[in-house]
Amino acid sequence: MKKFASLLFGLGLLLTHLGAQAQGIMTFEKDAHDFGNVPEGTMATYEFKFKNTGNQPVVIANVQASCGCTTPDWTKTPVLPGKIGMVKAVYSSAGRPGVFNKTVTVTSNAATPSTVLSIKGTVLGKDEMKTKLTPAQLAQSPHAKLNTTTHDFGKVEVGQQPVVRLTVQNTGKQDLVMGMLSSTCNCVGYKAAPQPIKPGQSVPVELVYAPRQAGQSMEVVTMSSNDLNGDSKVTLRANVVRDLNAASMVKESGTAVPFK
């Protein structure tokens, strides 16, 4: 009887030990990345890849950046044992010249529940960037070409968010990375963040316009990128009205009606 109890006790210890060992393990290729020199206005992006070297699925609960200038993304589905997952760090360099050193903290159900990844680099203005490159390197740089630099929305109602589709062609020899949009009204944004554009490739890019005040509007939108020749600009025009239906009724009732 004692021998049987001892056997059960030993089996329990073994199961407890095996249960403790049953856990996912995030093994990153590296936990730090140096972008080097980054042209101001671009979105410096790096994917930290990891392999689950444990024996249970890894689920990332959250990824928290050390500042609002870094936007993280990550694999949202469970990463099975032996499979690859990623944590993406995106640093917005627009208006942030100088050295940067930022971190993202990954929280998961892995054996190490919290992992800190870091990115660093130096944001240079485009004129400064040109001085750092040789003529051969400048010749290899990307170049953005828009199919149009103006668009007229016509009549737009306050509260509507019309979309204009532009075509951006990369006539350079390296990937073109589109960055932030800027305008005096702060009312123009990307419908979806544009992906890097390969050399020779033409890609549709959609801009969303969200007017806040009625009246004739003209907004000059600056589209930053890693094109060392300068940022692209597009002018958006609109006749913003408070009520499109009311505007249509006024237009249709053009004939004078005498008082009775």
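The values are calculated or read from the model by the stated rules, or taken from the named source; none is laboratory data. Quick caveat, the model's predicted, so the values are computed rather than measured. Cβ atoms come from the backbone with ideal geometry, glycine included; neighbour counts cover every protein chain shown. Surface accessibility is based on the protein's heavy atoms, side chains included, excluding ligands, DNA and RNA. Shrake-Rupley method; radii C 1.70, N 1.55, O 1.52, S 1.80 Å.
3J(HN,Hα) along segment 168-178: 10, 10, 9, 8, x, 10, 9, 4, 8, 10, 6 Hz, from the Karplus curve 6.51 cos²θ - 1.76 cosθ + 1.60 with θ = phi - 60°, whole Hz, x for Gly and Pro. DSSP beta bridges confined to the chain are antiparallel in about 85 percent of cases.
Surface composition of segment 173-244: carbon and sulfur atoms hold 48% of the protein heavy-atom accessible area at a 1.4 Å probe. For VAL220 and LEU138, the FRET efficiency from 1/(1 + (r/R0)^6), where r spans their Cβ atoms and R0 equals 22 Å, is about 0.25. Within straight-line reach of LYS88, meaning a Cα separation under 16 Å, sit the following aspartates and glutamates at least 8 residues removed in sequence or on another chain: GLU29, ASP31, ASP34, GLU47, ASP73. At full extension, SER66 and ASP152 could sit 26.9 nm farther apart than now, given 0.36 nm per residue minus the alpha carbon distance.
Accessible area per residue was computed with a 1.4 Å probe on protein heavy atoms; SER232 scores about 10 Å².
With charges only on Cβ, +1 for K and R and -1 for D and E, what is the dipole size of the chain about its Cα centre, in debye, rounded to 20?
Once rounded to the nearest 20, the dipole reads 540 debye.
Dividing the convex hull volume of the alpha-carbon atoms in segment 99-186 by its residue count gives 227 Å³ per residue.
Which of GLN174, ASN226, MET26 sits closest to the plus end of the dipole of the chain, meaning its Cα is farthest towards the positive end, when Lys and Arg get +1 and Asp and Glu get -1 on the C-beta? Towards the positive end, the residue furthest out is MET26. Using a cut-off of 31 Å between Cα atoms, the listed pairs LYS155/LYS233; LYS76/LYS120; LYS130/LYS198; LYS76/LYS233; LYS76/LYS145; LYS126/LYS155 include LYS76/LYS233; LYS76/LYS145; LYS126/LYS155 as exceeding that distance.
Considering helices alone, the calculated mean residue ellipticity of the chain at 222 nm is -4500 deg cm²/dmol, with DSSP H runs of length four and up weighted by -39500 (n - 2.57) and normalised per residue. For the chain, the solvent-accessible area of protein heavy atoms averages 59 Å² per residue (probe radius 1.4 Å; ligands and nucleic acids excluded). The phi torsions of segment 24-34, fed into the Karplus equation with coefficients 6.51, -1.76 and 1.60 and a -60° offset, translate into couplings of x, 10, 8, 10, 7, 4, 7, 10, 8, 9, 10 Hz, rounded to whole numbers, with Gly and Pro shown as x.
With no solvent and one equal point scatterer placed on each C-alpha of the chain, evaluate the Debye formula and give log10 I(q)/I(0) for q = 0.14, 0.16, 0.17 Å⁻¹, two decimals. Results for the chain at q = 0.14, 0.16, 0.17 Å⁻¹ read -1.04, -1.18, -1.24.
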